[in-house]
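The values are calculated or read from the model by the stated rules, or taken from the named source; none is laboratory data. Note that the structure is predicted; figures quoted are calculated from it, not measured. With ideal geometry, Cβ positions are generated from the backbone for all residues, glycine too; neighbour counts draw on all protein chains shown. Heads up: the accessible areas ignore ligands, DNA and RNA and are worked out on the full protein's heavy atoms, side chains in. Shrake-Rupley method; radii C 1.70, N 1.55, O 1.52, S 1.80 Å.
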Amino acid sequence: MATAAATSASEPEAESKAGPKADGEEDEVKAARTRRKVLSRAVAAATYKTVGPGWDQQEEGVSESDGDEYAMASSAESSPGEYEWEYDEEEEKNQLEIERLEEQLSINVYDYNCHVDLIRLLRLEGELTKVRMARQKMSEIFPLTEELWLEWLHDEISMAQDGLDREHVYDLFEKAVKDYICPNIWLEYGQYSVGGIGQKGGLEKVRSVFERALSSVGLHMTKGLALWEAYREFESAIVEAARLEKVHSLFRRQLAIPLYDMEATFAEYEEWSEDPVPESVIQNYNKALQQLEKYKPYEEALVKK
């Protein structure tokens, strides 16, 4: 991917960004482990329904009172007109800088820092199409750092809406894992693939990603653990989901047959199931119950003989 011209003075700086910070490794592992804990829930959710992530102000350390105090302080310090003027001035300044960076890159496309600054400003200004193009151009010349890849992936994931978008994100992950041996990107890849488990071939896709991840970075002494645990938790969740569906199936099959003590079985199913009993199951149960009442006199007569 990199060319001979890319070995300019800016290359050492690019390589220094690629290396993980030793002091932050433990925190990164803890963060990855925290994300992994939701895998079991994600498997069931992705299979049956889509649940959008929520944001809790209390979890972020922001209370409603803090927000009120901030709003009062802001209104006291400046009027809406002053704020709007300052915002326009800042936006104009950013646009001028964007134009300067684009011109600089037209002169020297191998200016690493110029690429990074342009991507940062375009993202700040919300120029989604342009920032995507800027990232693509940079990735064709330089191997991107872990930070740049994760930022790009997170942006694309937040905008993905359908199956085609998901395939686009998968392609992006494939490019990312080829740039550097990066456990965090592989972990993100595995967790993202879990969200597509409900699609055709989804289960095979998840397992393929995790197996490749283990082959690539499973021996990483400080970060390999998170991948092994994530894969193990995923498979455990699959087994649990399959087991629960099997029990559901047995209950439903039994309730469709006229048997003694059907009422007790139905009550047990209602208590066991976390979801309401489907209407189709109730209809089959009522039919079987009516048949049972018709057959009872004959069965009791046979017993008396």
Which ones in the range 213-230 are touching a Gly at 6+ places or on another chain (Cβ under 9 Å) and open to solvent by 30 Å² or more (accessible area, probe 1.4 Å)?
-> Trp228
Could you please give the count of residues in the range 152-169 that are open to solvent by 20 Å² or more (accessible area, probe 1.4 Å), part of a helix (DSSP H, G or I) and either touching a residue at least 12 places away in the same chain (Cβ under 8 Å) or not charged (D, E, K, R) (or both)?
-> 9
Report, ordered by the first and then the second residue, all pairs with beta carbons closer than 8 Å, sequence separation of six or more or different chains, a first member in the range 231-255 that is free of Cβ contacts under 8 Å to residues at least 40 places away in the same chain and of a type outside the set (Lys, Arg), and a second member that is outside any helix (DSSP H, G or I) and open to solvent by less than 80 Å² (accessible area, probe 1.4 Å).
-> His248/Ser273; Phe251/Ser273
Looking at (1) charged (D, E, K, R); (2) over 25 Å from Ile98 (Cβ atoms); (3) buried (at least 16 other Cβ atoms within 10 Å of the Cβ), can you tell me which one Lys130 breaks?
-> (2)
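Which residues, counting only those in the range 119-168, are among the hydroxyl-bearing types (Ser, Thr, Tyr) and under 18 Å from Tyr192 (Cα atoms)?
Ser158
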Can you work out which of the residues in the range 260-271 that are surrounded by 12 or more Cβ atoms within 10 Å (Cβ to Cβ) and more than 17 Å from Leu244 (Cβ to Cβ) is farthest from the chain's Cα centre (by Cα)?
-> Met262
In the range 201-247, which residues are under 26 Å from Gln161 (Cα atoms) and at pLDDT below 90?
-> Ala241
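Condition check ((1) modelled with pLDDT of 85 or more; (2) closer than 30 Å to Asp171 by Cβ; (3) more than 34 Å from the chain's Cα centre (by Cα)) across all residues:
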residue: Glu64; (1), (2), (3): no, no, no
residue: Ser74; (1), (2), (3): no, no, yes
residue: Tyr83; (1), (2), (3): no, no, yes
residue: Ser106; (1), (2), (3): yes, yes, yes
residue: Tyr112; (1), (2), (3): yes, yes, no
residue: Leu122; (1), (2), (3): yes, yes, no
residue: Arg135; (1), (2), (3): yes, yes, no
Of all the residues that make up the range 170-202, how many are more than 11 Å from the chain's Cα centre (by Cα), assigned to a helix (DSSP H, G or I) and not acidic (Asp, Glu)?
-> 12
